[in-house]
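Just below is one structure, and these are the notes that go with it.
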Amino acid sequence: MKHNFGLIPRSYDSDSSLPSASTSSAWQRFTHHLTTLNDASPATTSYRLLFLARHGQGIHNVAESYYGEQAWNCYWSALPGTPNGGPTWFDAHLTRIGVAQAQTVHDFWASQMRAEKMPTPQSFYVSPLDRTLETADVTWSGLDLGPDRPYKPVVKELLREGMGIHTCDKRSPRSYIQKHYPAYTIEAGFAEEDPLWLPDLRESRSSHTARLTELLDDIFAHDESMSISMTAHSGTIGAILRAVGHRVFTLQTGAVIPVLVKVERVDGRRPQSKTDKWEGKPECVDDPLEAGKEKGSFEEYMKKIEEEGER
């Protein structure tokens, strides 16, 4: 989000069919090129532009930074929050910094739309975890997306983060989502309680990739949009990139990466991929109850992080 979403300035064969090519922005010419490719392709082939957005900073991100990765994974992540009624990270919510990061994405989109005449996504999908629901809401609400592409996000169960053990990745009930995000459409078959999260096993990397491959198959089969927004998580975006054969690309909280995908529909079922078993918690090397104490209390650490971020 430093400059133009990283789009490389270049010419396209399709520029000759765009009357205003000489005065059009790079994004206008690129969008015209994708439209031209899709118009010239057989019905079984399409070109899709995915905007993969990671949620803003959540309280669980602060907690992992405070306790350290080892103590977080072996002990603290399995708890709903700090002891004695302190901050919680079950279905982790955004911090103030996280909200500000989502607002930065909102402002960047507004700038791109104004300065680059950049078309916005035509459809929107969101993970069911609260931090992504709020990130998407802050990002897109209030932007003039045009009458042909209203903001009607769909909550997709499979778009969530890696599942199991970490309570930050256990979603709230369907009724909670409906109450707090009434404008969102929840996909059919979405259960009231979380049916996928397990307290003692963590989803393997290969299982995560297979899950996101299934999600992409579903979206590409039922959504003809050329430009698609997905608000999700670092692990989930990594799984999407693996599923489409993209290079590894790590996103900071609140970041967005556009990915161009060529989709080809073939007859028959997708071959079943081999996946590793889900894994249990790692053993603690050091006493997890001592983790982070040199930084003061968790509340003091979180306040310091938020104050530094706001400066």
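The values are calculated or read from the model by the stated rules, or taken from the named source; none is laboratory data. Remember, predicted model here, so these are calculated numbers, not experimental data. Every residue, glycine as well, gets a Cβ built from its backbone with ideal geometry; the counts of neighbours run over all protein chains shown.
How many residues does region 138-151 contain that are in a helix (DSSP H, G or I) and farther than 15 Å from Ala255 by Cα?
The qualifying residues number 0.
Search region 125-136 for residues that are touching a residue at least 24 places away in the same chain (Cβ under 8 Å) and pair each with any residue that is of a type in the set (D, E, K, R) and in a helix (DSSP H, G or I) when their beta-carbon atoms are under 8 Å apart and the residues are at least 6 apart or on different chains.
If the second residue must be of a type in the set (D, E, K, R) and in a helix (DSSP H, G or I), the pairs left are Pro128/Glu157; Leu129/Asp169.
Find all pairs meeting these conditions: Cβ atoms under 6 angstrom apart; at least six residues apart or on different chains; first residue within region 241-262 and farther than 19 Å from His55 by Cβ; second residue in a loop (DSSP other than H, G, I, E, B).
Partner pairs satisfying both residue conditions: Val261/Val244.
Counting just the residues of region 80-96 that are out of contact with any strand residue (DSSP E or B) (no Cβ under 9 Å at 6 or more places or on another chain) and assigned to a loop (DSSP other than H, G, I, E, B), which one comes out surrounded by the fewest Cβ atoms within 10 Å (Cβ to Cβ)?
Step by step, filter region 80-96, then rank; the result is Asn84.
Among the listed residues Ala71, Ala53, which satisfies the condition of being in a helix (DSSP H, G or I), of a type in the set (A, V, I, L, M) and either modelled with pLDDT of 95 or more or in contact with a strand residue (DSSP E or B) (Cβ under 9 Å, 6 or more places away or on another chain) (or both)?
Checking each option against the conditions leaves just Ala71.
Quick one: in region 257-311, of everything that is hydrophobic (A, V, I, L, M, F, W, C) and in contact with a Ser or Thr (Cβ under 7 Å, 6 or more places away or on another chain), which residue is surrounded by the most Cβ atoms within 10 Å (Cβ to Cβ)? Show your work before the answer.
Taking region 257-311 and keeping what is hydrophobic (A, V, I, L, M, F, W, C), we get 257, 259-261, 263, 266, 278, 284-285, 289, 291, 298, 302, 305.
With in contact with a Ser or Thr (Cβ under 7 Å, 6 or more places away or on another chain) added as a condition, the list becomes 263, 278, 298.
On the way: Val263: 16, Trp278: 16, Phe298: 21.
If we take residues in region 257-311 being hydrophobic (A, V, I, L, M, F, W, C) and in contact with a Ser or Thr (Cβ under 7 Å, 6 or more places away or on another chain), then Phe298 is surrounded by the most Cβ atoms within 10 Å (Cβ to Cβ).
With Tyr125, Tyr184, Tyr151 as the choices, which residue is under 18 Å from the mean Cα position of the chain (by Cα), farther than 29 Å from Ala71 by Cβ, surrounded by 18 or more Cβ atoms within 10 Å (Cβ to Cβ) and at pLDDT below 95?
After ruling out the rest, the residue left standing is Tyr151.
Across region 1-44, what is the total count of residues that are buried (at least 16 other Cβ atoms within 10 Å of the Cβ), among the β-branched types (Val, Ile, Thr) and under 22 Å from Val256 (Cα atoms)?
Residues flagged as buried (at least 16 other Cβ atoms within 10 Å of the Cβ), among the β-branched types (Val, Ile, Thr) and under 22 Å from Val256 (Cα atoms) within region 1-44 amount to 1.
Filter region 155-181 down to residues that are in a loop (DSSP other than H, G, I, E, B) and charged (D, E, K, R) and give me whichever is surrounded by the fewest Cβ atoms within 10 Å (Cβ to Cβ).
Across region 155-181, the extreme among qualifying residues is Lys156.
When residues of region 217-246 are filtered for being in a helix (DSSP H, G or I) and more than 22 Å from Gly164 (Cα to Cα), how many remain?
Residues in region 217-246 being in a helix (DSSP H, G or I) and more than 22 Å from Gly164 (Cα to Cα): 6 in total.
Within region 160-169, is there a residue that is within 30 Å of Cys74 (Cβ to Cβ) and out of contact with any helix residue (DSSP H, G or I) (no Cβ under 9 Å at 6 or more places or on another chain)?
Yes: one or more hits.
Among the numbered criteria (1) over 26 Å from Leu215 (Cα atoms); (2) surrounded by fewer than 19 Cβ atoms within 10 Å (Cβ to Cβ); (3) in contact with a Leu (Cβ under 7 Å, 6 or more places away or on another chain), which single criterion is violated by Tyr47?
(1)
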